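The values are calculated or read from the model by the stated rules, or taken from the named source; none is laboratory data. Predicted model, so just to flag it, every value in this text is computed and none were measured. Cβ: placed from backbone, ideal geometry, glycine included. Neighbour counts: every protein chain shown.
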Amino acid sequence: MSTRLPDGWPTGIALHHHAQIDSTNEEARRLARAGAVGPAWICADTQTAGRGRRGRAWMSEPGNLFCTLLLAPGCPMPKAAQLSFVTALAVHDAVTAAGIHGADLKWPNDVLIEGAKVSGILIESAPRGPGHEDTDPLLAIGIGINIACAPDNTPYPATSLAAHAIAVEPLRLLTLVATAFATRLNQWNKGAGFADIRSAWLERARAIGGAITVRLHDETIEGEFVSLDDDGALVVRSRDTVRTITAGDVFFPPVRVQTS
């Protein structure tokens with residue numbers, strides 16, 4: 001494991017760099033059980049057991065970015081859920097700084113390039129070790145960004161930075177992510193808090209006012225993407241009924257290309 005900080009790394013934040021690990025989220029949870037509280041980024045060149053939302057496997061090919069931030073949110077867990085949007089904005093900021101223009105956000109925290117997913121975010125609790133069980137848990141904020149390649153056979157289009165002629169080393173991109181996250185976290189903690197984050201997220205959202213499909217565990221909803229509510233839930237108008245959705249998978253209709 002290497003802990004040498006890259007040029008431009010934000011001050012006051014630790015970095016643990018592994019050549020190979022099972023999962024950066026799992027390592028963050030191990031560090032929490034051992035007494036670490038962060039903030040600390042864990043990254044790996046490859047993962048042997050990377051995972052995404054709902055236990056889905058996450059492709060961990062060399063050349064892509066796999067990282068997790070161990071963080072004490074400093075607030076109750078319901079409010080800490082807002083960090084999903086903070087993280088999405090930080091990733092959007094980072095890929096923009098790397099040279100991507102016009103990236104979009106898909107609820108709650110995917111970054112899209114020309115409608116295809118380039119990153120994924122998985123936020124999990126990281127319970128503290130013996131003697132601290134009654135203390136609020138930490139967070140393991142996992143991020144995967146497709147730099148060199150993207151997976152095939154996914155339920156949604158996927159892409160990579162390389163597919164858009166962007167060449168960046170994983171540690172350089174992680175530095176951009178870590179710096180952007182520190183800035184967005186400060187924005188969340190001060191001023192209007194989540195209202196500012198919500199506004200910034202909506203400015204970058206894909207298909208506001210357009211058609212959207214949301215797959216829940218027991219039904220599929222088709223309607224119009226209206227907005228986010230004040231807590232970050234998805235607001236959808238379906239058959240003249242406005243629904244507020246707190247969990248689900250979002251899909252957009254394919255773009256129809258007109259032919260003469």
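Criterion first (in the same structural domain as residue 80 (by TED's automatic domain parsing) and modelled with pLDDT of 95 or more) does residue 180 satisfy it?
Against the criterion (in the same structural domain as residue 80 (by TED's automatic domain parsing) and modelled with pLDDT of 95 or more), residue 180 qualifies.
Out of all the residues in the range 121-154, which are more than 27 Å from residue 34 (Cβ to Cβ) and either charged (D, E, K, R) or free of Cβ contacts under 8 Å to residues at least 24 places away in the same chain (or both)?
Within the range 121-154, 152, 153 meet the criteria.
When residue 150 is evaluated against the numbered criteria (1) in a loop (DSSP other than H, G, I, E, B); (2) modelled with pLDDT of 95 or more; (3) closer than 20 Å to residue 44 by Cβ; (4) of a type outside the set (Ser, Thr, Tyr), which criterion, by number, is the only one it fails?
Unmet for residue 150, out of (1) in a loop (DSSP other than H, G, I, E, B); (2) modelled with pLDDT of 95 or more; (3) closer than 20 Å to residue 44 by Cβ; (4) of a type outside the set (Ser, Thr, Tyr): (2).
Could you tell me how many of the residues in the range 85-115 are small (Gly, Ala, Ser) and either surrounded by fewer than 18 Cβ atoms within 10 Å (Cβ to Cβ) or not assigned by TED's automatic domain parsing to the domain that holds residue 173 (or both)? Step through it out loud before you land on a result.
Step one: list which residues in the range 85-115 are small (Gly, Ala, Ser), which gives 88, 90, 94, 97-99, 102-103, 115.
Remaining after also requiring either surrounded by fewer than 18 Cβ atoms within 10 Å (Cβ to Cβ) or not assigned by TED's automatic domain parsing to the domain that holds residue 173 (or both): 97, 99, 102, 115.
Going through the range 85-115 one residue at a time, the tally reaches 4.
Would you kindly identify the strands (runs of 3 or more DSSP E) lying entirely within the range 10-118 that contain at least 3 residues that are within 19 Å of residue 139 (Cα to Cα)?
On the way: elements: 14-21, 40-47, 65-71, 104-106, 110-113.
In the range 10-118, the matching strands (runs of 3 or more DSSP E) lie at 14-21, 40-47, 65-71.
Of the residues 153, 146, which single one is of a type in the set (S, T, N, Q), assigned by TED's automatic domain parsing to the domain that holds residue 96 and crowded, with 18+ Cβ neighbours inside 10 Å?
Details: 153 fails: crowded, with 18+ Cβ neighbours inside 10 Å.
None of the others qualify; the one that does is 146.
Looking at the range 64-84, which of its residues are of a type outside the set (A, V, I, L, M) and within 24 Å of residue 151 (Cα to Cα)?
64, 66, 67, 68, 84
Checking residue 63 against (1) modelled with pLDDT of 90 or more; (2) out of contact with any helix residue (DSSP H, G or I) (no Cβ under 9 Å at 6 or more places or on another chain); (3) within 26 Å of residue 168 (Cα to Cα): exactly one of these is not met. Which one?
If we test residue 63 against (1) modelled with pLDDT of 90 or more; (2) out of contact with any helix residue (DSSP H, G or I) (no Cβ under 9 Å at 6 or more places or on another chain); (3) within 26 Å of residue 168 (Cα to Cα), just (2) comes out false.
Consider only pairs whose beta carbons are under 8 Å apart and that are at least six residues apart or on different chains; among these, list those whose first residue lies in the range 40-56 and is more than 16 Å from residue 30 (Cα to Cα) and at pLDDT 95 or above and whose second residue is part of a loop (DSSP other than H, G, I, E, B) and among the charged types (D, E, K, R).
none
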